[in-house]
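Below is one structure; the comments refer to it alone.
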Amino acid sequence: MKFRELGKTGEKLSAIGLGCMGMNHGYGTANDEESIATLHLALDLGINFWDTADIYANGKNEELVAKVLAPNRDKVFIATKFGFRQMDSNAMPGMPGSYFDGSPAYLKTAVEASLKRLNINTIDLYYAHRIDPNVPVEDMVGAMAELVKEGKVRYLGLSEASAASLRKAYAVHPIAALQSEYSLLTRDVEPEILPVCRELGISLVPFSPLSRGLITNTLKIDELGANDFRKTLPRFGDDYKDNNQQLAAAFAGLAGQKNCTPAQLALAWVLAQGEDIIPIPGTKRTKYLRENAASVDIGLSKTDLKDIQTIIDKYPDTGMRYGEGALKLVNN
């Protein structure tokens, strides 16, 4: 495994992290046994950067991760998030049934609950899962900074924050990472947000770097289960299905020419966008974890990058990454 520095912290994290959400939240049926095996394999592969959140499976994702994290505490840099609260146990973040609470009062409750579920004394990287429109960023980050002083959290992060919010937050306390969706099909951060990250020395941590599996050419959109939340996303709807399946097939053809899988090529592209970018592809299967980890060894030439962009440009009608309601909570 290759390693990259997290912001200005000096921490060396695996260039490919592990997103744990899908192990028991959002993507079909959970398989705890396979997920535990995947977490152990991550240790063996040197993948030391794991990501979860208190909202995932209503806390049970943190509890699942803890089964491997706690006995291997010195081998894992753990990130979790706070802020989403559920009115409906089946709701997804940003969907009806959940709301965001970035208040200092809730933060104090949330961090204690996460520490207990993770069975650890200190969280390495603690994110605000979104920016609360009803709470000044300065107040939220100020309260988060108190957790650092108390030793409950080591570093702070934001998720889906705008360039303006990053600046306001950083003026209160150093921000080590911004977690936002970033992939070949989602590039919202490129015009303004990524340049500010680089100006301030903040690492970008892309979630869904494989476009929620779309770019892998292994996903059969028509066969997504009823409990798979991708069914609610425009990109996976009938209006964009043909375009996106053609795009995935063309991209797979290019990956074949490079003697790698589409997932590996897509991750190699994300990695090639800068040493300050640390993607966290999610998986609950050992097969895909091995595949993702191998992407760090794939080099891309200028010609390769141009060929990739040509395919993306040929199939531009990919659809929005979220529905209208969830989009209101991103890049704020």
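Here are the numbers for this structure:
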quantity: DSSP-defined beta bridges in the chain - what % are antiparallel, rounded to 5; calculated: 25
quantity: Rel. contact order, % - alpha carbon contacts under 8 angstrom, at least six apart, the chain; calculated: 21
quantity: Full-stretch length increase - Thr109, Lys75 - with 0.36 nm per residue and alpha-carbon distance subtracted; calculated: 9.6 nm
quantity: Extension gain (nm, one decimal) between Leu224 and Gln246, 0.36 nm per residue minus Cα-Cα; calculated: 6.1 nm
quantity: Spin-label model distance (nm) - Asp44 vs Glu275, 7 Å beyond Cα toward Cβ; calculated: 3.1
quantity: Among 141-154, 217-230, 45-58, the order from most to least packed when residues are scored by Cβ within 10 Å on average; calculated: 45-58, 141-154, 217-230
quantity: Spatial separation of Cα centroids for the range 27-64 and the range 153-211, in angstrom; calculated: 23
quantity: Cα-based shape type of the chain, given that a ≥ b ≥ c are square roots of the gyration tensor eigenvalues and the cut on a/c is 1.5; calculated: rounded
quantity: Net length gained if the chain between Met87 and Arg198 were fully extended (0.36 nm per residue, minus Cα distance); calculated: 36.2 nm
quantity: Listed residue pairs exceeding 27 Å between alpha carbons, taken from Lys2/Lys231; Lys2/Lys241; Lys81/Lys168; Lys81/Lys241; Lys12/Lys314; calculated: Lys2/Lys231; Lys2/Lys241; Lys81/Lys241; Lys12/Lys314
quantity: Mean separation of Cα contacts under 8 Å, 6 or more apart, over the residue count of the range 152-212: relative contact order %; calculated: 37
quantity: The range 1-160 - percent relative contact order, Cα under 8 Å, separation 6 or more; calculated: 18
quantity: Rg and Dmax [Cα atoms of the range 74-169; Å; Rg one decimal, Dmax integer]; calculated: 13.2, 38
quantity: Built amide H within the under 5 Å cut-off of Arg321, gap 5+; calculated: none
quantity: Order by protection proxy (mean Cβ within 10 Å, highest first), peptides 307-317, 265-275, 188-198; calculated: 265-275, 188-198, 307-317
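Each reported figure results from applying straightforward, stated rules to the coordinates on display, with no laboratory input. Source: prediction; values computed, not measured. Note that we place each Cβ from the backbone using ideal geometry, even for glycine, and neighbour counts take in every protein chain shown.
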